[in-house]
Amino acid sequence: MRHGTRRKSFVPGGAQIFQRIFTRLGCQGRPPHFVVEFYPYANLMHTIRVREQAARVRLCDALRGAPLEILEAAAALLLSRMYRREPPKEMLHAYRQYTVAPGTRRKVARLRKARARVTHTGPQGQIYDLAPMFERLNDEYFEGRLPQPQLCWSTRTWRAQFGCFDPALNQIVMNRWLDRTSVPAYVVEYVLFHEMLHVKHPLRAARCGIEAHSNAFRQEEKRYAHYARARKFLDR
Ligand SMILES: [Zn+2]
């Protein structure tokens, strides 16, 4: 990661935009003093933090150069959450349109690639090697056609998920917790198989935990020979 890519800078007219939307949403009380900057988040996310009379707003710098109405919509999203207001539907719609536009998606993917921490440990764990496992599953369930992304083990044990496919980095990361003798091979394979399905269906469920899995995805997942046993093990 280069520090040069992590510049932050103030959003031109940012304070006025937030003042205006504050009024438009009918937020109660005196508006705080808004300080609005672009921030080099690795995702299209924005944050607001209010302390006493000051509100520090950070907009993902992927919005640099976005039309005014998109900055206003981002302001509406943040303020409506904070002040429990309904954001105007047309603003939500405009924002949504902007975020799914191919140009925006490419831009965010580029930022992620440059900024996301690469958890590069390689496919060979202490106990399990993901590379031959991938090959075997690919032959058995995908006719050997699935392109192989980078495979690696997480550097730390995660609490929330067993694996993750990141399309921007084209990498499957498996939770290091699975890489031990007390976890049977069919469980590790199941998790890898699940992530391989995300490789196959990148748009329907781009990232674990963020988008729910479709019914079709769930059905296909059951093709794995030891599905029930593996689920049982992980559900404990
Ligand atoms: Zn998933």
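The values are calculated or read from the model by the stated rules, or taken from the named source; none is laboratory data. Note that the structure is a prediction, hence the values are computed from the model and not measured. Cβ sites come from the backbone with ideal geometry, for glycine too, and all protein chains shown count toward neighbours. Quick note on the areas: whole protein, heavy atoms, side chains included, nothing else; ligands and nucleic acids left out. Shrake-Rupley method; radii C 1.70, N 1.55, O 1.52, S 1.80 Å.
Heavy-atom accessible area per residue, segment 65-193, 1.4 Å probe: how many Å²? Roughly 56 Å² per residue, with all protein chains present.
Here the chain has 51 percent of its accessible surface on carbon and sulfur atoms, given a 1.4 Å probe and all protein chains in place. In the chain, helices alone account for a calculated mean residue ellipticity at 222 nm of -13000 deg cm²/dmol, with every DSSP H run of four or more residues adding -39,500 (n - 2.57). What net charge is computed for the residues neighbouring Pro87, neighbours being all others with C-beta under 12 Å from the C-beta of Pro87, Lys and Arg scored +1, Asp and Glu -1? For residues surrounding Pro87, the net value is +3. Overall, the chain carries a charge dipole of about 900 debye about its Cα centre when +1 sits on the Cβ of Lys and Arg and -1 on the Cβ of Asp and Glu, all other atoms neutral.
When the surface is traced with a 1.4 Å probe over the full set of protein chains, Glu220 keeps roughly 30 Å² accessible. Computed with a 1.4 Å probe on the full set of protein chains, the accessible area for Glu72 sits at about 30 Å².
Label sites at Arg106 and Arg30, each approximated as a point 7 angstrom past Cα along Cα to Cβ, lie 4.8 nm apart.
Expressed in Å, the radius of gyration and Dmax of the Cα atoms of segment 31-139 are 19.5, 61. Farthest toward the positive end of the dipole of the chain, out of Asn43, Phe10, Ala168, is the Cα of Phe10, where the dipole comes from beta carbon charges about the Cα centre. Using C-alpha pairs under 8 Å with a sequence gap of at least 6, the mean separation divided by the residue count of the chain gives a relative contact order of 12 percent.
Which of the three applies to segment 102-201, rounded, prolate or oblate, going by the alpha-carbon gyration tensor with a ≥ b ≥ c and a/c under 1.5 meaning rounded? Cα axes put segment 102-201 in the oblate bin. Computed over the chain, the convex hull of the alpha-carbon atoms projects to a mean area of 15.4 nm². Solvent-accessible area of Met196, all protein chains in place: 0 Å² (probe radius 1.4 Å, heavy atoms, ligands and nucleic acids excluded). With a Förster radius of 25 Å applied to the beta-carbon distance between Gln126 and Asn170, the computed FRET efficiency rounds to 0.55.
Note on segment 127-166: semi-axes of the ellipsoid equivalent to its C-alpha gyration tensor, largest first and rounded to whole Å, are 22, 11, 9.
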